[in-house]
Amino acid sequence: MTARTTGLAARCCATLLVGGLLTMLSPSPAAAVPAYTTAEAGNPFVDGWYADPDIALYEGAYWVFPTTSRPYDEQTHLDAFSSTDLVHWTKHSNVLTKANVSWAERAMWAPAPIERNGKYYLYFAANDIQNDSRPGGIGVAVADRPEGPYEDAIGRPLIPAFHNGAQPIDQDVFIDDDGQAYMYYGGWGHANVVKLNPDMTSLGTFADGSTYKEITPAGYVEGAQMFKRGGKYYLMWSEGGWTGPDYSVSYAIADSPTGPFEKLDKVLAQDPAVAKGSGHNSVVNVPGTDIWYIFYHRRPLSETDGNHRQLAYDRMRFRADGTIERIEMKVRDNFADGNALGWKTHGGSWTVAGGRYRADRSLGGKALLDTDFADFTYDADVTPASRRGDAGLVFRVTRPGTGVDSYSGYYAGIGPDGKVVLGRVNDSWTPLATARTSVTPGSSHRLRVTAVGPSIEVYVDDLATPKISVTDGTYRSGANGVRVFDTAASFDNVAISPAS
C-alpha cells in the first residue's frame, strides 16, 4: 500500500514521506523530470471532447481518466490516456463500458483512479439519479492493469442514494499516510466524505459511528478533489454552472482529512482571451519534486455546445505559506507532440513534422488558435523556406476565411529578401510599415509582436529594439495565428501572453 498524497495514485515504486511530500524511490534510472510552465506542446493535450479529468501515476506513467463529453445518453463508456513525459499521449479506448456494469444505463462520468495492493480501482458515477427511487449513483470497478478492462467490483452502486443533500456523483479517492482511504464526493451544492475499508469496495464508519460526513465549503457545487502537501489537506471543488463561462475552481486547506474546510480563494477561472468554463480538476505532483500540475477541462471560446469541452493542464504554484497562486491558462505550442491540436487552418496545406508546424507554399494560407487577445505579446520562431514571399504572424483576427487576405486583422511577416512587413487587412491589404533585417532562407528567426491598445511593435531576433512601431487602433482584439504568402515556411515555439 502507498499513500495518495497528491489526490491521485502514485504507484510505481517504494515511497518515503519527506517534509510532507511523497518521494518516489525508483528501482530504475529516473526519466527526465517534466518541469513545464503549462502543456508546452499545446492545450488541449489530447484530441476529442472530454471533461472531468482525474490523473494517477502508475508504474512511472501518468494516466488521465476523463468523462467522454457527449449527451448523457451517449456517455456509456470511459477512455483513458497515458504518458511518460506529459507530452506524448496514448489513447486507451473503452477501459470501462456500461456493458461491464449491469446497473449503468447512461451518464457515466467523472472517473477516479487509484491503486491498492496490486489492484487498479476506478470509481465512477452513472445514471445521474435525481432522487433515491432511481437506480444509480457511485460505483467501483477493478482491473489487474491500469488500462483495464475494468469490471464492476460489487454488482451494484457503492453509494446509491442522496445523503446530506449530496447527489452521488463526482467522487475523488485519497489514501492518507496512515493507510486510511477516503472518498470525497457530491453534487447539488453538497459535499460528503466517507471512509473506504481496506478492500476499497465497502464503506467504513467514523469514530462517532456515522458513515457520511458533510464537509460542504462555501460556494461548493461539485467536483471534489483532495490532495496533501506539507502535512496539510487541500480540498478543491468546482463552482458555477458546468455549461457556463462562470465554471471555476476554488479551494480550502485543513489540518484534518475531514476538515473543517473554509474557502480561501478561487484559483482557476475562465480567461476571456484563452478559454471559458474551466473546472472539474485534478492535481498531480511529479514524484520527488515540488512540481505540481492542475488538470482540468475547458471550453474553446468559439464553442457554444455545452459538451464541447477539452482537456488541459497548467502549472500550479504555491506561496511560502502554502496557499495556491492563481492559475494562469497559458498559450504555448512547441509541436513536440507531433500534432497541431487547437489550430484551425484556412487555406494552404499544413502538417506537423520534426517538431515544427509546416506550411506548403500558398497565397495567404493561415492557421489560427481560438484566442481573443486584445493587449498581448506574441512570440514564434519563423523559418521561411524559399527566396520569395514572406511568412509570419496574424493577430487580432476576425472573420477568417480562405483567400489571400480573407480576414480582418493584422499581419507581421519576414521575407528572405530581408524585408519586415506590417499591414492591416480587411479583405484587402493596407501596408502600415516596412523595415529591413537579415533573413536567410531555411534559417529560423524569432518574431515578436507586442500590441497594447493602438500601439503595435514588431521585433525580429533582437527583442529589445523593435524593427517597426506604429499606431493603428482599427482592430482591438481577435485570434492569433500564423500565415504564409507565396512561400513555404515552418513555425515553432509559439507563445502568447497578456502584455506586461
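Where a number appears in this text, it was derived from the coordinates with a stated rule and is not lab data. What you are looking at is a predicted structure, and each value in this text was computed from that prediction instead of being measured. Here the Cβ positions follow ideal geometry from the backbone for every residue, glycine too, while neighbour counts run over all protein chains shown.
What the table shows:
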item: Radius, Kirkwood style, for segment 316-366 when every pair of distinct Cα atoms is counted (Å); result: 13.8 Å
item: Unit Cα scatterers, Debye sum, segment 387-448: log10 I(q)/I(0) for q = 0.14, 0.19, 0.20, 0.23 Å⁻¹; result: -0.40, -0.70, -0.77, -0.94
item: Karplus-derived HN-Hα couplings along segment 307-322 (A = 6.51, B = -1.76, C = 1.60, θ = phi - 60°), whole Hz, x at Gly and Pro; result: 7, 7, 10, 10, 8, 9, 8, 9, 5, 10, 10, 10, 7, 4, 8, x
item: Mean projected area (nm²) of the alpha-carbon convex hull when segment 190-299 is viewed from all directions; result: 8.4 nm²
item: Packing rank of 250-261, 203-214, 287-298, where each peptide gets the mean count of other beta carbons within 10 Å, highest leading; result: 287-298, 250-261, 203-214
item: Reference-scaled alpha-carbon Rg (2.2 N^0.38 Å with N residues) for segment 120-266; result: 1.03
item: Convex hull volume per residue for segment 285-441, taking Cα atoms only, in Å³; result: 176 Å³
item: Set of lysines with alpha-carbon distance to LYS276 below 20 Å, sequence-local pairs under 8 removed; result: LYS266, LYS330, LYS344
item: Percentage of interatomic Cα-Cα distances in segment 265-354 larger than 23 Å; result: 37 percent
item: Whole-Å semi-axes of segment 384-500's equivalent ellipsoid (Cα gyration tensor); result: 20, 17, 13
item: Translational D in µm²/s for segment 161-212 (Stokes-Einstein at 20 °C, 1.002 mPa s, Kirkwood Rh from C-alpha pairs); result: 189 µm²/s
item: Semi-axis lengths, Å, segment 70-172, gyration tensor of Cα atoms, sqrt of 5 times eigenvalues; result: 24, 15, 13
item: Cα-based shape type of the chain, given that a ≥ b ≥ c are square roots of the gyration tensor eigenvalues and the cut on a/c is 1.5; result: prolate
